[in-house]
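Step one of this worksheet: look at the structure below.
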Amino acid sequence: MNQHPSKKPFAKQQRLLLDHLINNDGKPLNTYELIALGVNHPAQRIADLKAAGAIISIVRKKTVDPYGTVRYRVSYYRLEGWKL
């Protein structure tokens, strides 16, 4: 069964996100960092990975965005493992 063409970019985004989470030595990445690394809509990509069995911890912290503005409750994501 062929996949709808509009779904293919999401799989690429999930792989990109997963690569960054795995290769970050356990350090959490925030929404702004993921966007800078090329991940579109990080929260939705995280939800997709969680639905596929990934265990991802989410902590919300105060941080400074790329424009120097203080933002509250910015999500930081860390891959903990996979459901078996």
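Name the residues whose placed amide hydrogens come within less than 5 Å of the amide hydrogen of residue 24, ignoring near sequence neighbours (fewer than 5 apart) on the same chain.
none
What angle, in degrees between 0 and 90 and rounded to the nearest 10, separates the Cα long axis of helix 8-22 from the longest principal axis of the Cα atoms of the chain?
It is inclined by approximately 50 degrees.
Only one of the values [x] 47, 29, 20; [y] 30, 30, 21; [z] 67, 40, 27 was calculated from this structure for Cα extents along the principal axes in Å; name its label.
[x]
Run the simple label-point estimate for residue 52 and residue 72 please: 7 Å along Cα→C-beta, distance reported in nm.
3.5 nm
Using the Karplus equation 6.51 cos²θ - 1.76 cosθ + 1.60 (θ = phi - 60°), what ³J(HN,Hα) coupling, rounded to whole Hz, does each residue of segment 35-42 give in order, writing x for Gly and Pro?
Per residue, the Karplus-derived 3J(HN,Hα) values read 4, 5, 7, x, 8, 8, 6, x Hz.
Which of 46, 56 has the fewest other C-beta atoms within 10 Å, and how do the rest follow up to the most?
Least crowded to most crowded, the residues run 56, 46.
Note down the magnitude of the dipole of the chain about its Cα centre, charges +1 on Lys and Arg C-beta and -1 on Asp and Glu C-beta and zero elsewhere, to the nearest 20 debye.
220 debye
Readers should treat all values here as calculations from the given coordinates under stated rules, not as data from a laboratory. Here the structure is a predicted model, which is why all the values come from computation and not from measurement. Reconstructed Cβ throughout: ideal geometry from the backbone, glycine too, with neighbour counts over all protein chains shown.
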